[in-house]
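Written below as structure tokens is the structure these notes are about.
The values are calculated or read from the model by the stated rules, or taken from the named source; none is laboratory data. Keep in mind that what you see is a predicted model, and the values were worked out from it rather than measured. Note: ideal-geometry Cβ built from the backbone for every residue, glycine included; neighbour counts use all protein chains shown. Ligands, DNA and RNA are stripped out before the accessible areas are found, and what is left, the full protein with its side chains, is counted by its heavy atoms. Shrake-Rupley method; radii C 1.70, N 1.55, O 1.52, S 1.80 Å.
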Amino acid sequence: MTKRPKVTLVGAGNVGATTGMWLMARNLCDLVLFDVVEGWPQGKALDLAEAAPIFGHTVSVTGTNDFAETAGSDVLVVTAGSPRRPGMTRDDLLKVNNDVISDVVTRAVAVSPEAVVIVVTNPVDVMTFVAQRASGLPHPRVFGMAGGLDSARFRTFLAWELGVSAKDVFGFVMGGHGDQMVPLVRYSTVGGEPVEKRLSKEAIDRIVTRTRGGGGEILQLLKNGSAFVAPAAATAEMVEAVLLDQRRTIPVVAYLNGEYGQQGVYVGVPAVIGKGGVEQVVEIDLQPDEQAAFDASVAAVRGPLAVLGF
Ligand code: APR
């Protein structure tokens, strides 16, 4: 029997467990849920495993508080940490999550040295940098989830405005996963036609603003919780791209080594994702105003990196 790939979800909270659900539904890999809270990952895993017969799926789903049981993972998805609470900016989370990420990534990679690491914990651009440093892995093997989610939100709002299916709306978002993210209107299309031909500037500006505040909008409605279904779906899509070596072009948090005029920083850019992680950072042409918006977004990522001493 062929050995199924093994994916460990480091952090079995809302995003981690829901990523497990999306992955289980794909029948793609065995899953291990890891969390610091005793009983929690075991309970979440049991709940997931009990749904498998309904789908007719054969994956193994287990939960643990012991990194030894995560050994030999092909992909590590890191969602451990504290979510953003109302009134907190993503950067408020910085110091708490820095310690958590350094610790869990060091211990997880020690037993899964061949793994690709996908970071979800916020502020994700900074935490991906922290994770790469802690892991000692090559930069392409460590990347983060943000653009897939931001782009999905952007596409959703564009589709609603146009009254068409989001399936045929293409759009992507670059830059840091924060209020300065850069939705690229010029490259956004519906059925191949630029959205700018179909929508007024006023409508597009409104959608860009809503996309930038997409996480905050949900936070405000829920009051005591943050988005997790769409974040988990975007994460599962990235895991699938790695496991199946799909070479999908997806916006991810990738390391820049001179691309877009930036050096030594992790930030959202389109990239080809395959079995080695980031196979290629895709450099699209930016106009001066887009480059300026991207640079401002990168500057907003460099600030907290400096706070952490990087
Ligand atoms: N080791 C392992 N697990 C930990 C640790 C640790 N040191 N510290 C916290 N955790 C676990 C918590 O016990 C919890 O189960 O991380 C999990 C986080 O889950 P939630 O609080 O439900 O947060 P979630 O909504 O899943 O978001 C996780 O993803 O999108 C981002 O901003 C979000 O940074 C947040 C992360």
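What the table below lists for this structure:
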item	result
Selected residue (criterion: surrounded by the fewest Cβ atoms within 10 Å (Cβ to Cβ)) from residues of the range 252-281 that are in a strand (DSSP E or B) and of a type in the set (Phe, Trp, Tyr)	Tyr255
The range 153-179, subset open to solvent by 40 Å² or more (accessible area, probe 1.4 Å) and hydrophobic (A, V, I, L, M, F, W, C), residue farthest from Val120 (Cα to Cα)	Val164
So Thr19, is it within 16 Å of the ligand (Cβ to nearest atom), assigned to a helix (DSSP H, G or I) and in the same structural domain as Val130 (by TED's automatic domain parsing)	yes
Qualifying residue in the range 282-293 (condition: part of a helix (DSSP H, G or I), in the same structural domain as Met174 (by TED's automatic domain parsing) and either crowded, with 16+ Cβ neighbours inside 10 Å or hydroxyl-bearing (Ser, Thr, Tyr) (or both))	yes
Answer from Ala227, Ala254, Ala299, Ala271 - the residue that is in contact with a helix residue (DSSP H, G or I) (Cβ under 6 Å, 6 or more places away or on another chain) and either hydrophobic (A, V, I, L, M, F, W, C) or closer than 29 Å to Asp99 by Cα (or both)	Ala227
For Leu28: the one exception among (1) open to solvent by 70 Å² or more (accessible area, probe 1.4 Å); (2) part of a loop (DSSP other than H, G, I, E, B)	(1)
Test result for Gly213, within 16 Å of the ligand (Cβ to nearest atom) and surrounded by fewer than 19 Cβ atoms within 10 Å (Cβ to Cβ)	yes
Single condition Pro304 does not satisfy, out of (1) at pLDDT 95 or above; (2) surrounded by 22 or more Cβ atoms within 10 Å (Cβ to Cβ); (3) on the phi < 0 side of the Ramachandran plot	(1)
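Residues checked against (1) on the phi > 0 side of the Ramachandran plot; (2) near the ligand (Cβ under 10 Å from one of its atoms); (3) outside any helix (DSSP H, G or I):
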| residue | (1), (2), (3) |
| --- | --- |
| Gly72 | yes, no, yes |
| Ala80 | no, yes, yes |
| Asp125 | no, no, no |
| Ala134 | no, no, no |
| Ala159 | no, no, no |
